[in-house]
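**Q** The structure's right below; bear with me while I get my questions together.
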Amino acid sequence: MGLTDKQYYDNSSNWGSHQFVKLSDIINNFYAFYVGDDKIINDISRYDVVFHAKRGLQELHYDALNDIRALELEVGDDLQTELPKDFVRLVKVSWVDERGRLRPMISDKNTRTADAYLQDDNFDIIFDDQGTAINGTSIIDTRLSGVNDQEGDANDYLNKADEFFGGRYGLDTSSSNANGKYNIDKNSGYIRFSSSINARTVVVEYVTDGLDNLTEAELQVNKLAEDFLYKYIANQVIQYKHNIQEYIVRRFKNESFAAMKNMKIRMMDIHPLDLTQALKGRNKWIK
Amino acid sequence: MINHVRKTVLTVLNKENRGFLTPDQFNSYAKHAQLILFEQYFSEYARLNTLKNAKRLTKDHGDKLSVVRAAMNRFNKVSTISQVGGYYIKPSDMYHHLNVSYSGKEVEYISPSRQTYLTLSNMSGPSELYPGYCDENDYFYLKPSTLTGDIKLIYLKTPKDPKWTYNMSLSGEDPLFNPSASDYQDFELGPEEQTSLVIEILKLAGVTIREPQITQIAAQADAVETQKENV
């Protein structure tokens, strides 16, 4: 059962552990209290429950937990870095300045990565013995690697054109940023940076599904989301079981939906003190 | 209990000089009758469970489901089995396995049709935290194969064959019951099954001594009992 005060404070691995519940405990509790001869779910394989529990955990990470991970990496001469192991979706990329502050970068929507097939003199695609098209070096890559914003190329007419892009109608705010740009190649699994980021340290903030960086025994979830996971698993199990009356299926679906809403409200972490602090400036005179 | 059952059976058979059962015949019918009743537990358990979920069984004294469960639990056995050549050999007296655990963790049964899918599953394939086992003829094996320790098996054992043992009397009268014989074995069913055992043995005995009336009476008694239970 619970730890004594001494046991808790003596072992750093216990600190803050009370806010979480292990996924294995949730699966065990689900079996103990939701499955049985006298329950609606009379029998279900554990691997089904494990699957739905992990899927529920992933959905939680995508939707509600706001558990954003950050990874610090140095960018080398090739101006690219690999995506983190448990990367699912990007939140923000920044570089770290001399004072340790983060300088947020923007996504470069005008640059794309592309496969480049080798072609012969007649512009026909060249294939290997297996009938697969042979890849060459992308002209985009070649030309991008030749650009150097920090030196002479700053006055190049192409860069000038970039600078004045949208000039006729004023500044294009979607691409105006002095901190540099990045571009993600999701299929190859790396982030490419503009040349101003060379030799800088970047911080990649991203959303994970909560599964990859931990062993099965370490998987856990905040207790405020525990009830949602039980209802989510029950709903998923009931949805795909036959001979369950439709009104029961709907009831479980509604319960799961309501539990998700409750959980999201709980996880929003809004406190009255934060509100009063933010509203303290409401009577400030703007000169 | 076996002596009492035999005496009752013989009394019914001899009532109107309908015939006699030799000890060997009795033992053979006793074994068969015990197995019939044992196997009926399973269908009975399922039937009563349905009744209970339909709120047609009451608690406490009306809870026949718990009576059947208790009768079945009499055959529960726990055994620790070590791995030999990657396999766990099933106990010879196993009728049906109920639960397998490994280092305190529940081990889940994996059916042959799901084995490949589950092994390839990136989400819920068998792992050290959630291990699985496969059942092949006379042995089990664990998934993942990195698990090599002992397993704890809870299973229902097959009831031992009952044997009414005896000594022959010098005067050539009826054989005398000898419960001290090394091969003596009483029924393993509970005392509440005494009546059912008598009826089942009588059904079989009636056929042997070509006395259809005995079989009919026994079957009738059985039918009345079943009818009472279903009301």
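**Q** Does the range B:1-32 hold any residues that are farther than 18 Å from B:Thr165 by Cβ and small (Gly, Ala, Ser), and which are they?
**A** Residue satisfying the conditions is B:Gly19 alone.
**Q** Restrict the check to the range A:22-40 and report whether at least one residue is loosely packed, with under 13 Cβ neighbours inside 10 Å, of a type outside the set (Lys, Arg) and under 20 Å from B:Leu129 (Cα atoms).
**A** Yes, some residue in the range A:22-40 is loosely packed, with under 13 Cβ neighbours inside 10 Å, of a type outside the set (Lys, Arg) and under 20 Å from B:Leu129 (Cα atoms).
**Q** In the range B:91-140, what count of residues is obtained for those that are free of Cβ contacts under 8 Å to residues at least 60 places away in the same chain and closer than 24 Å to B:Asn73 by Cα? Walk me through it before giving the result.
**A** First, the residues of the range B:91-140 that are free of Cβ contacts under 8 Å to residues at least 60 places away in the same chain: B:92, B:97-140.
With the extra rule that they be closer than 24 Å to B:Asn73 by Cα, the set shrinks to B:92, B:97-109, B:133, B:135, B:138-140.
So the answer is 19.
**Q** Can you tell me how many residues in the range A:201-223 are buried (at least 18 other Cβ atoms within 10 Å of the Cβ) and assigned to a loop (DSSP other than H, G, I, E, B)?
**A** 5
**Q** Restricting to the range B:145-163, what's the tally of residues that are acidic (Asp, Glu) and under 30 Å from B:Phe26 (Cβ atoms)?
**A** 1
**Q** Check every one of the strands (runs of 3 or more DSSP E) wholly within the range B:42-151 and list those with 2 or more residues that are within 11 Å of another protein chain (Cβ to nearest Cβ), surrounded by 14 or more Cβ atoms within 10 Å (Cβ to Cβ) and out of contact with any helix residue (DSSP H, G or I) (no Cβ under 6 Å at 6 or more places or on another chain).
**A** The qualifying strands (runs of 3 or more DSSP E) are B:105-109.
**Q** Also: Restricting to the range B:164-187, give me the number of residues that are surrounded by 17 or more Cβ atoms within 10 Å (Cβ to Cβ) and under 24 Å from B:Ala71 (Cα atoms).
**A** 3
Rule-based calculations on the coordinates, nothing more; no lab input. Everything quoted here is computed from the prediction, not taken from an experiment. FYI the Cβ positions are ideal-geometry reconstructions off the backbone, even for glycines, and counts take in every protein chain you see.
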